[in-house]
1. Please identify the trypsin sites (Lys or Arg not before Pro) of segment 17-56 that satisfy two criteria: DSSP loop assignment and at most 10 other Cβ atoms within 10 Å. Which are they?
2. Identify which of the listed values of Rg/Rh (Cα atoms, Kirkwood Rh) was calculated from the structure shown: (i) 1.10; (ii) 0.96; (iii) 0.94.
3. Taking the chain as the reference, fit the longest principal axis to its C-alpha atoms, fit the long axis of helix 21-40 to the helix C-alpha atoms, and give the angle between the two in degrees, 0 to 90, nearest 10.
4. Just rank Thr5, Thr74, fewest to most, by other beta-carbon atoms within 10 angstrom.
5. When only Cα pairs under 8 Å and 6 or more residues apart are kept, what is the percent relative contact order across the chain?
6. If exposed means no more than 13 neighbouring beta carbons inside 10 Å and the site is in a DSSP loop, what's the longest run of the chain without any exposed GluC sites (Glu not before Pro)?
7. Would you please classify the overall shape of segment 1-43 from the alpha carbon gyration tensor, given that a ≥ b ≥ c denote the square roots of the eigenvalues, rounded means a/c under 1.5, and beyond that prolate means a/b larger than b/c while oblate covers the rest?
8. Which of Arg93, Arg61 has the fewest other C-beta atoms within 10 Å, and how do the rest follow up to the most?
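None of the figures in this text is laboratory data; all of them are computed from the coordinates on show. Small disclaimer: the values here were computed from a predicted structure and weren't measured. Heads up, the Cβs are rebuilt from the backbone with ideal geometry, glycines too, and the neighbour counts pull from every protein chain shown.
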Amino acid sequence: MPYITKAKMLQNICKKSGVSKVTCQLVIQAFLEEMKAALLDGESFFLKGFGHFGISFRQSRKVHYFKKGVKGFTDGTIPPRGLVHFRPEREFREAMVATTEERYRRTGKVVKDLKGVRDFED
């Protein structure tokens with residue numbers, strides 16, 4: 001699956017806005033640092049028309065697994081951690097579904113079913 005890098009995003013934004021590459025780079029870097037700082041502080045991050053980024057915390061838990069080279073099963077612990085999640089806004093989610101269906105009609109290739117995404121209240 002193709003993806004966009006920060007350098008490619010920078011190039012596209014510079015082209016569309018007509019702003020210098022240095023200015024664009026500073027703005028993008030400041031935006032990403034602000035977003036990262038908010039998430040690390042446990043806050044959520046909302047972008048109107050795009051979606052909601054948030055952090056959920058998982059407690060540590062005990063596991064019982066088979067380890068190669070050791071006779072029988074081994075007990076272990078998974079440490080606690082924070083997970084970043086993204087919840088797209090309704091308009092964006094609907095646009096993704098429409099685009100995916102159109103791509104399927106054009107190419108005939110099977111793509112992930114986005115209709116199963118939970119319907120969140122905006």
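1. Those that pass, being in a loop and sparsely packed, are Lys48.
2. Computing Rg/Rh (Cα atoms, Kirkwood Rh) and matching it to (i) 1.10; (ii) 0.96; (iii) 0.94 gives (i).
3. 30 degrees
4. Sorted ascending by nearby Cβ count, the order is Thr5, Thr74.
5. 16 percent
6. 44-120
7. On the way: a/c = 3.51, a/b = 1.54, b/c = 2.28.
The shape class here is oblate.
8. Numbers: Arg93 19, Arg61 10.
Ordered from fewest to most neighbouring Cβ atoms within 10 Å, Arg93, Arg61 come out as Arg61, Arg93.
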